[in-house]
1. Roughly what would the spin-label model give for Phe46 and Arg127, points 7 Å off Cα along C-beta, in nm?
2. Work out Dmax and Rg for the range 19-128 from the C-alpha atoms and quote the Rg first, both in angstrom.
3. Could you give the nm distance between label points at Phe113 and Gln27, where each point is 7 Å from its Cα heading toward the beta carbon?
4. Can you give the accessible area of Phe113 in Å² (nearest 10), computed on protein heavy atoms with a 1.4 Å probe?
5. Quick one: Debye curve from the C-alpha atoms of the range 89-128, no solvent, what's log10 I(q)/I(0) at q = 0.14, 0.19, 0.36 Å⁻¹?
6. Per residue, what volume in Å³ does the convex hull of the Cα atoms of the range 20-60 enclose?
7. For the range 58-109, report the accessible area per residue in Å² (1.4 Å probe, heavy atoms, rounded to an integer).
8. Rank Tyr103, Tyr83 by accessible area, highest first, at a 1.4 Å probe radius?
Amino acid sequence: AIPAARTTVVCPGSGAGFGFACMPEEQASAWMQDGPSTGSLQGFRFGAGVRYTGDVTSDGSGVIGPVSIVTGGYVLADMMLGYTIDKWDFTLNLRNISDKQYYGTCLVRGGCFPGENRTIVARIAHRF
């Protein structure tokens, strides 16, 4: 089971709290990275991970009374390939590798915010 996390704001003196709107109560992520330390592939590394975000609820009031919109949760996968030689480091990161289409959140006042599409970032670094 994934442990639930809840962010609350406590009103001074009341002892009562409330959750932030449009924030998921459940989030989890896992990442693994490895690479050979000897042999012809020494210097290469690879990584993979998953990110889970639970349902997001937006509450409000409309013309017909209280309204609640729930945006479904999602799971995304990421990966990384890298190579280090001497003082040079080359890295290729892929986020949302399946290019899953999803909404990060939808608001009662109107408007849904699409999630991040597949993103590929290359990085070259030199250590002095």
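The values are calculated or read from the model by the stated rules, or taken from the named source; none is laboratory data. None of these values were measured; they are calculated from a predicted model. All Cβ positions, glycine included, derive from the backbone under ideal geometry; neighbour counts span all protein chains shown. Keep in mind that these areas ignore ligands, DNA and RNA; they rest on the heavy atoms of the full protein, side chains included. Shrake-Rupley method; radii C 1.70, N 1.55, O 1.52, S 1.80 Å.
1. 2.3 nm
2. 19.8, 69
3. The two pseudo-label positions are separated by 1.1 nm.
4. About 100 Å², ignoring ligands and nucleic acids.
5. Calculated log10 I(q)/I(0) at the listed q: -0.49, -0.66, -1.10.
6. Value for the range 20-60: 65 Å³ per residue.
7. Per-residue value: 62 Å².
8. Largest to smallest exposure gives the sequence Tyr103, Tyr83.
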